[in-house]
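J.: The structure that follows is given in the form of structure tokens.
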Amino acid sequence: MFTSSRRRLIVCECQFTCPNMKMLALPNLSATNEAEILKLVGKWKELEELEMEMKPFSFLEMLWEINLNCVGFSSLKMMGSIKKGDVAAIVGYLSEIKHICLDKSYFSGEHLVELIGGCRELETMSVHDCVGFEHFLLMYIFSTVQRSSYFQMSFSVVLNEM
């Protein structure tokens with residue numbers, strides 16, 4: 001396991017050796033490392049895929065940097081509590097995103113409808129083991145949201161034990 005300082009060194013090295021980075025997978029970051037990543041995201045102009053173990057505190061700022069600098073960005077994978085502002089940022093900054101994976105996240109059915117409806121280029125969405133909406137709601141959402149192109153959604157839901 002890398003120490004925080006070792007991770008920082010790797011991130012700094014990537015700034016200079018990986019300008020054409022297309023895919024980035026991040027562990028759960030400390031606040032210091034998160035700030036460094038935020039500074040670097042805008043420099044990775046070729047970034048297409050971002051996978052994060054947990055939604056960072058600087059999520060909105062990170063999406064803004066991706067929107068400004070990563071024209072081919074197409075895939076986001078993360079877990080965490082997805083709030084209304086997060087959904088608005090995804091729809092507003094990444095409206096042409098093709099793949100979203102929010103497995104093991106918490107968000108409402110209303111937010112799911114906003115994501116599916118707002119990301120018009122969305123091809124796949126995964127919401128396995130999420131909390132915040134019921135499985136029958138997913139079927140309703142899937143049947144009512146109009147999609148003009150191919151769209152695939154996979155899901156499973158954590159049910160409350162009684």
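J.: Within region 78-133, how many residues are part of a helix (DSSP H, G or I) and either under 20 Å from M23 (Cβ atoms) or basic (K, R) (or both)? Don't jump to the end; show me each part of the working.
T.: Of all residues in region 78-133, those part of a helix (DSSP H, G or I) come to 84-93, 109-118.
From the residues that got through so far, the ones that are either under 20 Å from M23 (Cβ atoms) or basic (K, R) (or both) too are 84, 90, 93.
Here the count works out to 3.
J.: Name the pairs whose Cβ atoms lie under 6 Å apart, with the first residue in region 45-64 and within 14 Å of K77 (Cβ to Cβ), the second assigned to a strand (DSSP E or B), and 6 or more positions between them or separate chains?
T.: Cβ pairs passing all conditions: E49/M23; E49/S75; L50/L24; L50/L76; E51/A25; E51/K77; M52/L26.
J.: A further question on this structure: Which condition from (1) modelled with pLDDT under 95; (2) surrounded by fewer than 17 Cβ atoms within 10 Å (Cβ to Cβ); (3) part of a helix (DSSP H, G or I); (4) of a type in the set (A, V, I, L, M) is the one that M62 breaks?
T.: (2)
The values are calculated or read from the model by the stated rules, or taken from the named source; none is laboratory data. Here the structure is a predicted model, which means the values were calculated and not measured. Every residue, glycine as well, gets a Cβ built from its backbone with ideal geometry; the counts of neighbours run over all protein chains shown.
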